[in-house]
1. Given A:Ile104, A:Ile59, A:Ile85, A:Ile100, which one is hydrophobic (A, V, I, L, M, F, W, C), within 30 Å of A:Phe240 (Cα to Cα) and touching a residue at least 24 places away in the same chain (Cβ under 8 Å)?
2. Just to verify a result, which residue in the range B:125-162, among those that are part of a loop (DSSP other than H, G, I, E, B) and in contact (Cβ under 8 Å) with a residue 12 or more places away in the chain, is nearest to the other protein chains (Cβ to nearest Cβ)?
3. So, of the residues in the range A:12-53 that are out of contact with any Lys or Arg (no Cβ under 6 Å at 6 or more places or on another chain) and part of a helix (DSSP H, G or I), which turns out to be farthest from A:Val78 (Cα to Cα)?
4. Does the range A:124-157 hold any residues that are within 14 Å of another protein chain (Cβ to nearest Cβ) and more than 20 Å from the chain's Cα centre (by Cα), and which are they?
5. Considering only the range A:89-103, state which residues are within 15 Å of B:Gly144 (Cα to Cα) and either assigned to a loop (DSSP other than H, G, I, E, B) or touching a Leu at 6+ places or on another chain (Cβ under 6 Å) (or both).
6. Only residues that are in a strand (DSSP E or B), out of contact with any Lys or Arg (no Cβ under 6 Å at 6 or more places or on another chain) and aliphatic (A, V, I, L, M): list them for the range A:190-208, please.
7. Quick one: which residue in A:Val152, A:Val178 is surrounded by 22 or more Cβ atoms within 10 Å (Cβ to Cβ) and touching a residue at least 24 places away in the same chain (Cβ under 8 Å)?
8. Here is a check on your reading of the model: is A:Ile174 touching a Pro at 6+ places or on another chain (Cβ under 6 Å) and either within 19 Å of A:Val88 (Cβ to Cβ) or away from every other protein chain (no Cβ under 13 Å) (or both)?
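The values are calculated or read from the model by the stated rules, or taken from the named source; none is laboratory data. Just so it is clear, the structure is predicted and the values come from calculations on it, not from any experiment. Note that each Cβ is placed from the backbone with ideal geometry, even for glycine, and that neighbours are counted across all protein chains shown.
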Amino acid sequence: MPTEAAELVFDEATKVYPGRDGAAVDHLSLTVPAGEICVLVGPSGGGKTTALKLVNRLIPLTSGYIRIDGRQIGDYDVTELRRSIGYVIQQVGLFPHMTIEGNIGTVPRLLGWDRKRIRARVSELLELVGLDPDADRRRFPAELSGGQRQRVGLARALAANPALMLMDEPFGAIDPIVRSRLQDEFLRLQGELRKTVVFVTHDVDEAIKVGDRIAILREGGRLAQYDTPQRILEHPVDDFVADFVGRDRALKALSLRTLGDLDLAPAGGDGDGMPSLSADSSLRDALALLVAERSDALLVVGADGSPVGVATREDLLG
Amino acid sequence: MTGIRLAGGGPVIPNFGHGNACLVDNHWFCTSWARNHWGDILQPALVQHIELTLVAVGIGFGISFVLALCGFRYRLVDAPLASCTDFLYMIPSIAAFELLVPVTGLTVTTIEIPLVAYTLFILYRNIVVGLNGVSTEVLESARGMGLTRLQIFLRVELPLAAPAILAGLRIATVSTISIATVGAFLIHDGLGAPIFDALDQPDIFRTELLAAGGLTILLALTADALLALVQRAVTPWSRLR
């Protein structure tokens, strides 16, 4: 398998558990372009986790195909397939009897890397996920906080530079503040690494924040809509999707764009007295400011505080 | 038994030695006797006792491990196997020794068989519990990362079961050291031998009883402490939680 990001294709992928009525995943077809994050989201019973585990064959397909860079997953040796895919789960599943170094080095050891190369890779990854390469490598998982453990889980999944990452509610068990920070760091990492990622969550806001594309699955494992966050929020295909993304979907859509994305009227002398906000703020924050300040327009400023332009309420609401 | 008093002087009864005042009056502990008979009675008995224990726990561990693997791999046989080890443990030791005499004669084997049987009860359970105690998320991530079934067993399940297995070994060793003394009722071997000799004396020879009994306790404490050290060294992570 390539180490460059790989394209992932679900082609009529179906899973039916024996002895159970209906499918868990029902003729799922979608393509995740190389280097993009696809978020699987939906109510419980929607088969998101099942769909994810079909990819690394923790759950065998009943029918249909899944292809990684054009090659069917069934054609790979199963251990080779799994070693070439990064896998992160909600409870992290770090090995409690191994140090952080031992945990992160698991797949490289299985692949027969020499010790020097593993040690260097562990240092590199600890730095990448914001842990201390010297102090933390000898610690055991029980000595870390939940957020730190999740970072180690991410580093462990990245260890052998996989082309594809599977992440099953990776930030689900973490408190909201740390979760938000981990999401930001994950997106920053993804900006550098450009992996193909399948990311399962039940949290719509997380899906909108993290996903390049979102696949909404409904009960019975049927795909309701597969689109960019923007299009899902602005054009939900049916009532199920509209309900699922929430009544505040218009507001959520605003959070996807920043003031810098707008065509701004030049800031004239009348900018004085207007509330001001930096250009990288979201339209949602800008609207909140206008409401709070009972103002009709605000001054958009650059990173250095100099005025960039003026945005009116009408501009924000497009 | 009662009422017999030893005249001062001559060596009348084995293990009793030449009478000094301490021995003649059968005081609680006569250091001189213990020192004089360390080489010919106490030390050989101690060495025999260690051998009895090592052989019993070693064979018991081997059998338990194989049985536990079956019970762990095939859940259906776990309950029957556990019941068998329960049943063996219920047989009174002295009865087990007596029952075996017609089969294995008055040999050390007669002592070893029940000793091995008793360790199964403790070891089987601890090994199975330890192996089953590995959390599902750890197993799932191991599988998802591409470890084979054998690699998961050797690198994940077995090391994580080590604290439970070593705890079982500690209990089994200490209880074997204790039960092994009873075997000397039939076969003159181990620290039980001087204990029974002392009990056979008129008025009970207190020094020999206390010396052999004390050595048994000391041996048990030492074995327990050694295994505790091994446990700490092998599983440094287990004290963190």
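1. Among A:Ile104, A:Ile59, A:Ile85, A:Ile100, only A:Ile59 is hydrophobic (A, V, I, L, M, F, W, C), within 30 Å of A:Phe240 (Cα to Cα) and touching a residue at least 24 places away in the same chain (Cβ under 8 Å).
2. Ranking the candidates gives B:Val134 first.
3. Applying the filter and picking the extreme gives A:Lys48.
4. Of everything in the range A:124-157, those that are within 14 Å of another protein chain (Cβ to nearest Cβ) and more than 20 Å from the chain's Cα centre (by Cα) turn out to be A:Arg138, A:Arg139, A:Phe140, A:Pro141, A:Ala142, A:Glu143, A:Leu144, A:Ser145.
5. Passing the criteria: A:Gln90, A:Gln91, A:Val92, A:Gly93, A:Leu94, A:Phe95, A:Asn103.
6. A:Val197, A:Val198
7. None of the other options fit; the residue is A:Val152.
8. The answer is no for A:Ile174.
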